[in-house]
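Notes follow once the structure below has been shown.
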Amino acid sequence: MRAVDADAPAGATVVDLDGAFVLPGFVDAHTHLVEMGAAAGEVALVDAAGLAEIQDRVAAAAEGRARVIGNGWLYPALGGRAPHKDLLDAVVPGVPVYLQANDLHSTWVNSAALRELGIDERTPDPIGGTIERDAAGEATGLLSEMAALGLARSFLAAQVTDADRDAWLRTACARYLADGVTTVVDMGVEAHDLATFERALAAGALPLRIVGHWLVKPAATEAENLAQVETAIAHARRLDGDRLRIAGIKIMADGVIDSCTASMARPYADGSNAAPIWDRAALTPVVVAADAAGLQIAIHAIGDEASAIALDALEEAIRVNGPRERRHRMEHLEVVSEESVARLARLGVVASMQPVHADPAIQDNWRAMLGDERVERGYPWREMTDAGAVLAFGTDAPTAPHPPLPNMYVATTRRSALVAGLPANTPHLAVPLAEALTHATRDAAYASRLEGGIGTLAPGMAADLVVLAADPFAARPEALLTTEVLRTYVGGVEQATLRPAGLAAV
């Protein structure tokens with residue numbers, strides 16, 4: 001990096017940072033903004049040591065509430081037991097309980113929740129989802145994929161008010177700004193999310209920049225799928241502003257490895273496998289239509305089979321609609337073949353990945369489900385850049401903590417930002433700090449076609465800045481876990497301040 005001495009333009013405010021370190025504002029390339037704010041008020045379970053602690057927290061939260069919502073549980077905490085309604089009924093029999101897994105792709109419920117959802121032995125599985133059942137056909141209390149993300153999520157969304165969502169958005173924005181994030185990409189915007197963003201925008205209360213991707217859910221017919229693309233096109237044409245815009249669509253091609261719902265080329269350690277949520281026949285027309293309209297397509301693909309299917313669809317869109325600059329994206333890419341990495345780079349598809357998902361503190365079950373050499377290539381960030389692909393970093397909050405500096409720690413060390421002392425997982429796939437910061441600023445901006453305005457410090461760029469108390473290059477990597485964010489600016493306006501004595505504007 002090269003420092004440039006120049007006089008400030010006439011009328012500019014000069015701020016003496018007294019030696020503090022300045023970076024471009026961080027861009028979280030993949031998050032869920034309203035859900036992140038909501039999660040702040042839910043029962044947190046990610047650090048629960050075992051089943052008894054989960055039960056204790058849920059029982060304590062149930063007192064005086066009409067419904068208990070929790071998030072973050074991990075399979076190892078259950079000690080080898082499967083999530084089952086009986087384990088929740090034993091401590092909370094009468095109040096509906098909804099516990100979202102740490103990855104949000106499964107929801108564990110009790111009998112009262114099943115009753116209010118209207119789930120019984122006759123309820124069909126939703127498209128792309130599973131209501132887990134026992135041998136007699138009775139629901140066990142575990143909802144997977146679109147049963148969790150569609151059926152349960154839609155029900156819960158109908159139980160809250162606009163005022164609730166407005167408060168959640170304020171919470172999420174405040175937390176992001178306090179940690180130096182100035183732009184977020186919301187991956188999976190639905191109608192209630194967009195209405196929340198637009199209320200804030202109209203009130204002049206949207207303090208950071210939001211880029212949204214409209215969630216397209218698998219439907220029964222191609223016409224229903226394409227109608228969702230048309231909705232996204234309409235939103236994209238209407239919303240293309242500096243603080244809020246709809247850039248494209250989000251499609252979930254598969255699930256997650258922890259629950260064995262990610263679609264793999266070879267079976268999991270137990271011999272099982274999962275069909276993709278979108279197969280080639282259903283996915284390709286949606287991708288072709290969205291591409292023809294100029295939308296950016298973001299495809300959630302965690303398993304190597306899902307990423308191959310996604311790339312097939314993107315390549316077909318290029319064939320049908322002709323060559324041009326596109327900048328489509330694939331999200332997560334936790335297990336991906338070397339062939340797909342090379343093809344992704346060749347097609348110009350952005351690899352949107354989340355270092356915090358590789359934190360060793362949450363990896364035990366992930367590694368056990370694969371159980372073979374595939375774990376040694378998990379989260380292959382370095383392979384992406386070596387192949388020539390653009391790599392954009394985010395967090396997928398609230399599935400993982402949102403602060404960017406701990407995210408950089410995991411990226412550069414493959415060690416845990418959650419539990420000190422754990423050994424690094426596959427450290428050969430870590431990236432240097434300068435590259436990690438670039439992936440979380442310039443490249444994350446590029447991934448949303450924003451590199452002309454944000455993501456770098458240069459004349460003519462928006463003054464989206466984060467001021468750190470210390471130079472991250474001058475200390476041990478562990479300093480990233482404690483470095484203080486002093487100021488955050490969006491468009492040159494200070495949005496969050498933790499100002500020590502002596503840091504003054506002059």
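The values are calculated or read from the model by the stated rules, or taken from the named source; none is laboratory data. It should be emphasised that the depicted structure is a prediction, and the values quoted were computed from it without experimental measurement. Cβ atoms come from the backbone with ideal geometry, glycine included; neighbour counts cover every protein chain shown. Just the protein is used for accessible areas: all its heavy atoms, side chains included, with ligands, DNA and RNA removed. Shrake-Rupley method; radii C 1.70, N 1.55, O 1.52, S 1.80 Å.
Remark: region 129-212 carries 34 Å² of accessible area per residue (probe radius 1.4 Å; ligands, DNA and RNA excluded).
Scaling the Cα radius of gyration of region 1-143 by the globular reference 2.2 N^0.38 Å produces a ratio of 1.60. For the pair GLU138 and THR231, a Förster radius of 35 Å applied to the C-beta separation gives a FRET efficiency near 0.40, rounded to the nearest 0.05.
Evaluated with a Cβ-only charge set (Lys, Arg +1; Asp, Glu -1), region 43-144 carries a dipole of roughly 160 debye about its Cα centre, given to the nearest 20. Pairs of C-alpha atoms in the chain farther apart than 41 Å represent 17 percent of all such pairs. Annotation: PHE26 carries an accessible surface of approximately 0 Å², with a 1.4 Å probe and no ligand, DNA or RNA atoms counted. Dipole orientation for the chain: of the candidates ALA205, ILE131, ALA112, ALA205 has the Cα lying most toward the positive pole (charges on Cβ; Lys, Arg +1; Asp, Glu -1).
A probe of 1.4 angstrom, applied to the heavy atoms of all protein chains, finds ASP242 with accessible area near 110 square angstrom. Between ARG238 and ARG324, the C-beta separation translates, for a Förster distance of 22 Å, into a calculated FRET efficiency of about 0.45.
Among the protein heavy atoms of region 1-149, carbon and sulfur supply 51% of the accessible surface, probe 1.4 Å, non-protein parts ignored. Taken along the Cα-to-beta-carbon direction at a fixed 7 Å, the label points for VAL493 and ALA265 span 5.0 nm. One decimal place: the segment ARG382-ALA420 gains 11.3 nm when fully extended, by the rule 0.36 nm per residue minus the C-alpha distance.
Given R0 = 60 Å, the distance between the Cβ atoms of GLU116 and GLU315 translates into a calculated FRET efficiency of 0.85. Solvent-free Debye calculation, one equal scatterer per alpha-carbon of region 359-506: log10 I(q)/I(0) at 0.22 Å⁻¹ equals -1.56. What residue among GLY150, ALA462, VAL229 has its Cα farthest toward the positive end of the dipole of the chain, where the charges are +1 on Lys, Arg and -1 on Asp, Glu, each on the Cβ? The listed residue farthest towards the positive side: ALA462.
Peptides 50-63, 10-23, 393-406, ordered by how many other C-beta atoms sit within 10 Å of their residues on average, highest first, read 393-406, 50-63, 10-23.
Note on GLU224 and ALA66: the extension gain reaches 53.4 nm, defined as 0.36 nm multiplied by sequence separation minus the Cα-Cα distance. Highest mean first, the peptides 341-347, 74-80 sorted by other C-beta atoms within 10 Å per residue fall in the order 341-347, 74-80.
With viscosity set to 1.306 mPa s at 10 °C, what whole-number translational diffusion coefficient in µm²/s follows for region 63-159 from Stokes-Einstein and a Kirkwood radius over Cα pairs? It diffuses with D of about 119 µm²/s by this estimate. Look at the dipole of the chain built from charges on Cβ: of GLN159, VAL349, ALA77, the Cα furthest out on the positive end belongs to VAL349.
Assuming charge only on the beta carbon of Lys and Arg (+1) and of Asp and Glu (-1), the dipole of the chain about its Cα centre is about 800 debye to the nearest 20. Pairs of Cα atoms nearer than 8 Å and 6+ residues apart set the relative contact order; for region 179-237 it is 38 percent. Of the Cα atoms belonging to region 293-399, the radius of gyration and Dmax stand at 14.1, 45 Å. Computed extension gain for LEU51 through HIS192, at 0.36 nm per residue and net of the alpha carbon distance, reaches 47.4 nm.
Placing pseudo-labels 7 Å out from each Cα toward the beta carbon at ARG199 and PHE155 gives an inter-label distance of 2.4 nm. Using the alpha-carbon atoms, what tilt in degrees (0 to 90, nearest 10) does helix 162-178 show relative to the longest principal axis of the chain? Result, in degrees: 50.
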